[in-house]
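What follows is one structure encoded as structure tokens, with my remarks underneath.
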Amino acid sequence: MTVNNDISTSEIEKMSFSGDIENVEDTKVEQMTEEEIRAEKRLVRKIDMRIMPMTAIIYLLCYLDRSNIGNAKILNSSTNDDLLQTNNMTTYQYTVALMVFLVAYSLFEAPSNLMMKILSPPKWLGILVFTFGAICAGIGGSKNVAGTTALRFFLGAAEAGVFPGMIFYLSFWYKPEERATRIAGFLCSATLAGAFGGALAFGIGHMNGAGGLEGWRWLFILEGVPSVICGIVIFFFLPQYPESASWLNEEEKKLQLTRMGVNCSHGGEKLSWEDAKHTLKDLRLWIHYITYLALGVGVSSLSLFSPTIVQGLGYENLEAQLFTVPPYACAYVVTFAAAMISDRYKARGLVAGTSFVIGAISFIVQAALPGEAFKTRYAFLVLSTCGVFAGLPALCAWVSDNVRSTTAGSLASGLNIAFTGPGQIIGVWIYRAQDKPLYRLGHGINAGFLALGAILSLGLHLHYRRLNKKLEGTGEARWIS
């Protein structure tokens, strides 16, 4: 089979990014034949089989290790063996421990993504996963507030590069219209981790006292060790770049280059400080970052306080752990479906905006419902969890869709995720102990930020559509709206 290839590697590598629409050039690729379309489908399936299972496992472990502190807070509280009582932590000190994780997470995301460009994805991701697994297990040995808080900071620094790094990594393998579904493929691991984490905490809670250790210590240890093992596997076996993949033949490498076109990222490209400067000065991208910040409030508050919110619905101790499972299980299905719609119709803004609206309405209803409406409040907790997580893949893919160089993609992806940090810091403070069991303040703040996110994402959608109308009849590349 002969592969049409009008784009040389050197031409792509010379492309530079500019935030100006006039400077976004279109590189034309000949229409693929039917045979080439079938070959492309086979190639994408082959890449999926190599890439997606490992990225899903990485993010499941990452999310499990960061959010298990929410389970540890109430695990075996009826016997005074939970994290707070064992380590003599106040609720305020617990919240500070949550916050320092997010501070480190925000500070190290963009630098970590640039480090991945220097070292290569398999090596840097392997180091990060090994490190955060070891730190998570170490929290199980902490004896006081200072130790727990310090380890949470280092955990945040280690986990900071994982999510933006994997989004950047996927840009080497997938076209823009393929990315949201693949991002959902590993991002849904977060919702799976929420469901799995609750079920795992329920089981580990019965180990309380085994080996002289409290149940929450076993929780951190048993969830940290698999990450250490996984980090070693990633370092040696995660595929690097398409152009250097030994499991792709030369024909497949040419096809990959052809199908990616202008959106192709290359492992061989060096860091461009000129591209970095353009990326930092592009106001359009800053609107993306603020939109993602608005979502960060809901993501962190639900991830860390779901067991606490469920407790406020009338469920206690181990039962509260078990009832955190359904919201995340439903969110898993909804998030994946939303990502597929986002890819199929290239409707990032509409999908994200709709998710924001659903989440905002659900939180408003929870804040307004009377305390005795337990079942209704729980149903809207499920709906709000779906609303918060469903927009994540579209928002993550959207930024890298609309940049034109490897450096820009690396920096923009890192900054986009880093901006969740301030939002997540807000999220850790809004579900206050004095507001239980209804938590009206927390629900209200979540609703407000989600409403802001809806306005910004739908505004960006309209902005890109307006820019694309101006490009009609030209040969320039279209923006993904």
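Throughout, read-outs are computed from the coordinates displayed, never taken from laboratory work. Just so it is clear, the model here is predicted, and its values are computed rather than measured. Positions of Cβ are backbone-derived with ideal geometry, glycine not excepted, and every protein chain shown enters the neighbour counts.
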Quick one: count up the residues across the stretch 215-260 that are closer than 23 Å to residue 401 by Cα, aliphatic (A, V, I, L, M) and crowded, with 21+ Cβ neighbours inside 10 Å. 2
Taking the stretch 285-331 and keeping residues surrounded by fewer than 24 Cβ atoms within 10 Å (Cβ to Cβ), of a type in the set (Ser, Thr, Tyr) and over 30 Å from residue 408 (Cα atoms) leaves 308, 315
Filter the stretch 316-344 down to the residues that are farther than 11 Å from residue 198 by Cβ and assigned to a loop (DSSP other than H, G, I, E, B) and list them by number. 316
Answer yes or no: is there a residue in the stretch 140-154 that is surrounded by 23 or more Cβ atoms within 10 Å (Cβ to Cβ) and of a type in the set (A, V, I, L, M). no
Could you run through the stretch 217-259 and say how many residues are assigned to a helix (DSSP H, G or I) and farther than 30 Å from residue 70 by Cα? 15
Given (1) touching a Gly at 6+ places or on another chain (Cβ under 7 Å); (2) farther than 14 Å from residue 294 by Cβ, where does residue 423 come up short, assuming only one miss? (2)
Out of (1) in contact with a Gly (Cβ under 7 Å, 6 or more places away or on another chain); (2) in a helix (DSSP H, G or I), what's the single condition that is false for residue 438? (2)
